[in-house]
Amino acid sequence: MFINMESKLRSLREKMVETQIIARGIKDKKVIEALRKVPRHCFVGPESYEAAYGDFPLSIGFSQTISQPYIVALMTELLEIKDSDRVLEIGTGSGYQTAILAEIAIEVFTVEFIEELSKKSESMLGKLGYTNINFKVGDGYGGWPEFSPYNKIIVTAAPVSIPEKLKEQLSENGKIIIPVGANIFNQCLIRLTKSKDRFINEEICGVSFVPMVKE
Ligand code: SAH
């Protein structure tokens, strides 16, 4: 028996972390703690509060989705975020991934194409008490040059190839995690690491993200 909805959702969140995150091999303690803490249901509509803890992506309106919890954890772990890192995120969407990043990094810069989504996320993340997130409405292909370079960059929509502007805004030894591919059924999650003047490219796994739109 659950005393109230909040404790039921907390219990679903704990189960999500145990069965979808730890059981599948996510090891980074900071990532696991962040997924335990952030109330994922706050980033979807009330009709989906329980579904928010399911093992799948969910609609957030505007033909966009909040990523599956495991994918959020995997991408965050692959970035190897230090607590002194400044992180650029392209595709704010619901703001859930943004919250996970803000739990670990010192400062987050997040860019979203759709103004309504950006405003909604900004309002929710403010309500949840985050003060280390900067929001921008605009085209993520250009990154956010004013505050570059970034130690880490995460992209949560899929372009056909890795935007050059994002590579330019990465600091030395920085990492980008990004889904790449023209076809939603045939995308690859790629991790790029900047080392001296070259980039080390690792293909991680197949993924399925909404396409990154062009202006
Ligand atoms: N991390 C988000 C994922 C949202 S889906 C979450 O978990 O909720 C991807 C988001 O990328 C959408 O909100 C979409 O509007 C945005 N997007 C797509 N193309 C973009 C572009 N060129 N610049 C900025 N944002 C973009």
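Sub-6 Å Cβ pairs linking a first residue in the range 133-144 that is in contact (Cβ under 8 Å) with a residue 24 or more places away in the chain to a second residue that is near the ligand (Cβ under 10 Å from one of its atoms) and in a strand (DSSP E or B), at least 6 apart or interchain, are 135/110; 136/111; 138/111; 140/90; 140/111; 144/111; 144/136, ordered by first then second residue. Evaluate the following for residue 120: is it part of a strand (DSSP E or B), without any contact (Cβ under 8 Å) to a residue 60 or more places away in the chain and not polar (S, T, N, Q)? Answer is no for this residue.
When only residues in the range 40-53 that are outside any helix (DSSP H, G or I) and in contact with a helix residue (DSSP H, G or I) (Cβ under 8 Å, 6 or more places away or on another chain) count, which is nearest to the ligand (Cβ to nearest atom)? By that ranking, first place goes to 44. Within the range 132-165, the residues that satisfy the criterion of being within 10 Å of the ligand (Cβ to nearest atom) and in a strand (DSSP E or B) are 136, 137, 154, 155, 158.
Do we find a residue being surrounded by fewer than 22 Cβ atoms within 10 Å (Cβ to Cβ), at positive phi and of a type outside the set (Val, Ile, Thr) anywhere in the range 77-98? Yes, that holds for at least one residue. Looking at the range 175-215, which of the residues that are of a type in the set (Val, Ile, Thr), within 14 Å of the ligand (Cβ to nearest atom) and farther than 18 Å from residue 88 by Cα is surrounded by the fewest Cβ atoms within 10 Å (Cβ to Cβ)? The extreme case among them is 184. Selection of the range 166-185 for residues being part of a strand (DSSP E or B) and over 21 Å from residue 72 (Cα atoms) yields 171, 172, 173.
Among (1) in a helix (DSSP H, G or I); (2) within 16 Å of the ligand (Cβ to nearest atom); (3) within 15 Å of the chain's Cα centre (by Cα), where does residue 32 come up short? Answer for residue 32: the failing condition is (2). Of all residues in the range 77-121, those being of a type in the set (Val, Ile, Thr) and more than 11 Å from the ligand (Cβ to nearest atom) number 5.
Just so you know, all these numbers are worked out from the coordinates, no wet-lab data involved. Only a predicted model underlies this, so the values are computations on that prediction, with no experimental measurement involved. Heads up, the Cβs are rebuilt from the backbone with ideal geometry, glycines too, and the neighbour counts pull from every protein chain shown.
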